[in-house]
Amino acid sequence: MNPQHRIDVPPCAEAGAPSPITATGRPLKWGVIATGGIASKVTQDIALLEDAVLHAVSSRSADSAAAFADRFGFATSYGNDGGVAGYQRLVDDPEVDVVYITTPHGQHYDVARAALTAGKHVLCEKPFTINAAEAEDLAAIAAERGLFLMEAVWTRFLPSVNRAWEIIHSGELGEIRWVQADLGFTAPEDPASRLWDPAAGGGALLDLTVYPLTWALGSLGFPDSVSAVGTLNSDGVDLQNAVTLGYGNGAYAQLSSSFIASCPGQATVCGSKGWLKTGGGNLHNPQELRIKAGQAEARVETFEQVGGGYTYELREVTRCIQEGLTESPTMPIGDTVRTMRLLDGVRAQIGLRYANDAA
Ligand SMILES: NC(=O)c1ccc[n+]([C@@H]2O[C@H](COP(=O)([O-])OP(=O)(O)OC[C@H]3O[C@@H](n4cnc5c(N)ncnc54)[C@H](OP(=O)(O)O)[C@@H]3O)[C@@H](O)[C@H]2O)c1
C-alpha cells in the first residue's frame, strides 16, 4: 500500500482520548440545512457537544423549520420567503459559524456554494456532490476564502474503524491482498423518495458506495484500476452495482451496494497472515471487530460509542475550525475529490448520468 494513502487518525479516536463531547475551544454556532432523517439524528449529537450552540435551522417550509427548531432547541429558524430560499437566509445569518448540509445530494452543490460564498465553514453530507467537477469547484472556493470544508464521512472518525486501520497497518494480518465490503437493503420503489429520484441523485452507487469504499481506501488506498457493473431502472438510476478496484501489487477490493437486496453490510479485510471482519452493526459504524491472525484463535474486540456515533466527526469539525484548519487531515477535501472522480468513472462504465452532469 502506498503510505501517502493512509487515513490519519483524528485526535478524538486516539486511544485514551477524552469523550468527543468534551469542549476543545470556543463555542461554535451551528446552522442545520433541511429537516429530514439525517438532520434529526446528527442534530441530537451536535446538541451533546459542550462547545456547540444550536443556532439556526432552515427548511423549504417555514413551518417545518419552526417545528424542528422547537424540537431541538434552535434559537432561530428560516423557511423559503419572498423568493429567497430558507438555506440562503440561514447562510446570510451573521451569527452562524458552520453549516451542516443535509439536503438530498442533487442539491449539495448549490447549497454548499451559497454557504461558502456567504463565508461559512461547511460540513456537507455524503456523497459530497453528484460529480467531481462540482466537488472541485467547492474545494477551490473554500481554499480561496480560507474556509473549512468537509464531506461528512463519519465512519472515518470512529474509534472502532481507526482501531481496524491500526491492526491492518501493524502487519498483524500480513500484506493486505483482498477486501470485500457491501451495503444494501431493499428500498420500496417510490418515485417520491430521494433514493429513487434522479434529480436528487438517486441510486445505490451515490447513496451507499462511500461506505464500502472507505474500507478499501483505509486498507489499500486509492486503486490503480476500477471496473464496474450496475443495473439501472427505467428512470436511469442504479438499483445495484458491483465495483472491483485493482492495485498494482495484485490486491483487489470488491465493493457492492444495492437497493434491491438485503445484505449483511460488513467488511472483510484479508492479508497473507490473517483476516479482520466487522460486526456489531453495519460497516459504517461497526461496534465489533473479529480478528484471526496466524495460528492464534480468532479474537473479538468490542467498542462503545458516544451518542449516535456522529459525535466523533463533529468533534473533528469543531476542533479544526477552532484551530483555524481549512480541512481535516482525516477526511481531506482531496480525498473527496478523488472519490468523486472514482465514482464518475464507475458511472461512465455503468451508464449512470444525472442532470447535474450537463451543467
Ligand atoms: N451520514 C449518514 O449516516 C447519512 C444517513 C442518511 C442520509 N445521509 C445523506 O444525507 C442526505 C439527506 O438524506 P436523508 O436521509 O436525511 O433524506 P431525507 O430524509 O429525504 O431528508 C432530506 C431533506 O432535504 C430537504 N429536501 C428534500 N428535497 C429537496 C430538494 N429537492 N431541494 C432541497 N431540499 C430538499 C427536505 O427538508 P425540508 O423539507 O426541510 O427542506 C428533506 O427532509 C443525503 O445526501 C444522504 O446521502 C447521510
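Throughout, read-outs are computed from the coordinates displayed, never taken from laboratory work. All values reported here derive from a predicted model rather than from experimental measurement. Positions of Cβ are backbone-derived with ideal geometry, glycine not excepted, and every protein chain shown enters the neighbour counts.
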Residue ID - farthest from Y310 (Cα to Cα), chosen from residues in region 249-266 that are among the small types (G, A, S) and within 16 Å of the ligand (Cβ to nearest atom): S258
Residues satisfying the stated conditions in region 83-140, i.e. within 11 Å of the ligand (Cβ to nearest atom) and assigned to a strand (DSSP E or B): Y100, I101, L123, C124
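Tell me, please, whether a residue that is without any contact (Cβ under 8 Å) to a residue 40 or more places away in the chain and closer than 17 Å to L343 by Cβ can be found in region 122-132.
So far as region 122-132 goes, yes, one or more of its residues are without any contact (Cβ under 8 Å) to a residue 40 or more places away in the chain and closer than 17 Å to L343 by Cβ.
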Complete set of residues in region 32-74 that are closer than 14 Å to L314 by Cβ and part of a strand (DSSP E or B): V32, A52, V53, L54
Residue among A65, A52, A39, A69 that alone is under 25 Å from the mean Cα position of the chain (by Cα) and closer than 20 Å to R113 by Cβ: A39
Unique residue being surrounded by 15 or more Cβ atoms within 10 Å (Cβ to Cβ), away from the ligand (no atom under 16 Å from the Cβ) and over 21 Å from V153 (Cα atoms) when the list is G218, G271: G271
For A17: the one exception among (1) assigned to a loop (DSSP other than H, G, I, E, B); (2) out of contact with any strand residue (DSSP E or B) (no Cβ under 6 Å at 6 or more places or on another chain); (3) over 24 Å from V161 (Cα atoms): (3)
Region 316-331 residues that are crowded, with 18+ Cβ neighbours inside 10 Å, paired with ones that are assigned to a helix (DSSP H, G or I) and aromatic (F, W, Y) (beta carbon under 7 Å, 6 or more apart): E316/F157; T330/F157
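Any idea which of G106, G174 is surrounded by fewer than 16 Cβ atoms within 10 Å (Cβ to Cβ) and of a type outside the set (V, I, T)? Spell out how you get there, then give the answer.
Details: G106 fails: surrounded by fewer than 16 Cβ atoms within 10 Å (Cβ to Cβ).
The unique qualifying residue is G174.
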